[in-house]
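Visitor: This is the structure I have questions about; it appears just below.
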Amino acid sequence: MTKKIISIVISAYNEEGNIEELYKELINNTKKDKNIGLKYRFEYVFVNDGSGDNTLQKIKQLQKQDGDIRIVNLKRNFGHEIAMTAGMDYALGDAVIFMDADLQHPPVYIPQMIKLWAEGAEIVLSRRTDNLATGYVYKLCSTMFYKILNWLSDTKIPSKSPDFRLLDRRYVDFLKGFNEHDRLFRGLLSWIMPTDKVKIIDFIAPKRFSGKSKYNVFKSFALATDSIIQFSVRPLRLATYLGLLGAFVSIILAAYVIIEYYIIQHRTPGYATIMVTMSFLGSVILLALGIIGEYIGKIHMEVKKRPLYMADYIVASCENGVFKSRREKE
Ligand code: UDP
Ligand code: MG
């Protein structure tokens, strides 16, 4: 009987300091693990997301000693979500495990994920009970963001569910059917999530082994806005409501001005009122236009249907359970 294959997809962007340690940990918890090591075949799909450092060289070095390593080399930096997509496209496993390259997703949980999958779970998610790398303010902002996102969107996305998860082949194939450029894996997953066969494992995310986080305040904010736009059209509705509210306030103001002029007969110069009204209406209009603009911008980008990424592979394909090199190019 051919063994089932488990793919581990790792997205790496400028992670030269982490690759070797990650590989060591991975091996110890997969093919060298006494319980699952002999039961399954493993492939390690490293996605190099256009790193500017020695990440690719480090992976290539490892590939020389371990034939189970595949490399998907993206020609430039496409971002974490697209990097995971590329890895998923090339992964051949019956189950695919996604994880970061910085050891914040400890490989020690992999056997547990595989066990749950073997027992029938089709999706194994992780839940970060704590993140030792982030401070109080970041955690507060993150919680608030998910509250707003879930309030605005019909697709509910859990807040402490990082991109460390196992998906059964069935769901991997299904996810491949989504071809939007702007994507948030955890959102797509919530969209397809079956209600039963999902298991969750809790873990505490340690600090990165080496290097710095790729997300600063601005990038996180951009990701947050993009996520809201991807999963909801409610901001458009809010813009309409805001417009209505503005109109209502203006009518009251107009009534007051008329009453003041004709009935109270108190003719104030009205400079302040005009300025406040104008700037209020001006900002409401700009805000509404901005929201519409964001959506039009997204439509503009998506209708082109450009490929999601460009990879110059170094991957392998699998025939009858035997891995074969698909395209070797140095
Ligand atoms: N990453 C990527 N492409 C990017 C940014 C990040 O592939 O453009 C990878 C990165 O190498 C890491 C994972 O995505 O393996 C998560 O990134 P990071 O650790 O910087 O995010 P954080 O854990 O701080 O949220
Ligand atoms: Mg990290």
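For (1) under 18 Å from Asp102 (Cα atoms); (2) in a helix (DSSP H, G or I), each residue gets a yes or a no:
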| site | (1), (2) |
| --- | --- |
| Ile8 | yes, no |
| Glu15 | yes, no |
| Ile27 | yes, yes |
| Glu43 | no, no |
| Ile59 | yes, yes |
| Ala83 | yes, yes |
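Visitor: So which residues in region 193-224 are at pLDDT 80 or above, away from ligand 2 (no atom under 16 Å from the Cβ) and surrounded by 14 or more Cβ atoms within 10 Å (Cβ to Cβ)?
Guide: Lys197, Val198, Lys199, Ile200, Ile201, Ala224, listed by residue number.
Visitor: Let me ask something additional. Looking only at region 169-204, filter to residues that are of a type in the set (Val, Ile, Thr) and touching a residue at least 40 places away in the same chain (Cβ under 8 Å); which one of those is farthest from Ile110 (Cα to Cα)?
Guide: Val172
Visitor: Which of the residues spanning region 72-109 are more than 14 Å from ligand 2 (Cβ to nearest atom) and hydrophobic (A, V, I, L, M, F, W, C)?
Guide: Selection gives Val72, Leu74, Phe78, Ile82, Ala86, Met88, Ala91, Leu92, Ala95, Val96, Ile97, Val108.
Visitor: Checking the conditions here, which among Ala121, Ala91, Ala86, Ala101 is more than 16 Å from ligand 1 (Cβ to nearest atom) and either touching an Asp or Glu at 6+ places or on another chain (Cβ under 6 Å) or at negative phi (or both)?
Guide: Ala121
Visitor: Within the group Lys64, Lys32, Lys60, Lys3, which residue is charged (D, E, K, R), out of contact with any helix residue (DSSP H, G or I) (no Cβ under 9 Å at 6 or more places or on another chain), more than 13 Å from ligand 1 (Cβ to nearest atom) and under 21 Å from Gly120 (Cα atoms)?
Guide: After ruling out the rest, the residue left standing is Lys3.
Visitor: If you check Ile252, Ile285, Ile274, which single one turns out to be at pLDDT below 85, over 30 Å from Lys64 (Cα atoms) and more than 27 Å from the chain's Cα centre (by Cα)?
Guide: Within the list Ile252, Ile285, Ile274, the selection yields Ile274.
Visitor: Can I ask one more? If only one of Val96, Val137, Val108, Val172 is outside any helix (DSSP H, G or I) and among the hydrophobic types (A, V, I, L, M, F, W, C), which one is it?
Guide: Exactly one of Val96, Val137, Val108, Val172 is outside any helix (DSSP H, G or I) and among the hydrophobic types (A, V, I, L, M, F, W, C), namely Val96.
Visitor: Here are some residues: Ser227, Ser210. Which one is within 16 Å of ligand 1 (Cβ to nearest atom) and within 30 Å of Pro111 (Cβ to Cβ)?
Guide: Of the residues listed, the single one that is within 16 Å of ligand 1 (Cβ to nearest atom) and within 30 Å of Pro111 (Cβ to Cβ) is Ser210.
Visitor: I'd like to check something: does region 228-249 contain any residue that is hydrophobic (A, V, I, L, M, F, W, C) and part of a loop (DSSP other than H, G, I, E, B)?
Guide: Yes, the conditions are met somewhere in region 228-249.
Visitor: Taking only region 11-26 into account, find how many residues are surrounded by fewer than 19 Cβ atoms within 10 Å (Cβ to Cβ) and either touching a residue at least 24 places away in the same chain (Cβ under 8 Å) or at positive phi (or both).
Guide: Counting residues in region 11-26 that are surrounded by fewer than 19 Cβ atoms within 10 Å (Cβ to Cβ) and either touching a residue at least 24 places away in the same chain (Cβ under 8 Å) or at positive phi (or both) gives 4.
Visitor: Any residue in region 239-254 that is closer than 13 Å to Met278 by Cβ sitting within a Cβ distance under 9 Å of a residue that is surrounded by 15 or more Cβ atoms within 10 Å (Cβ to Cβ) and of a type in the set (Val, Ile, Thr)? List the pairs, counting only those 6 or more apart or interchain.
Guide: Gly246/Val284; Val249/Thr277; Ser250/Thr277; Leu253/Thr277
The values are calculated or read from the model by the stated rules, or taken from the named source; none is laboratory data. Computed from a predicted structure; not experimentally measured. Because the Cβ atoms are built from the backbone with ideal geometry, glycine has one as well, and the counts that use them run over all protein chains shown.
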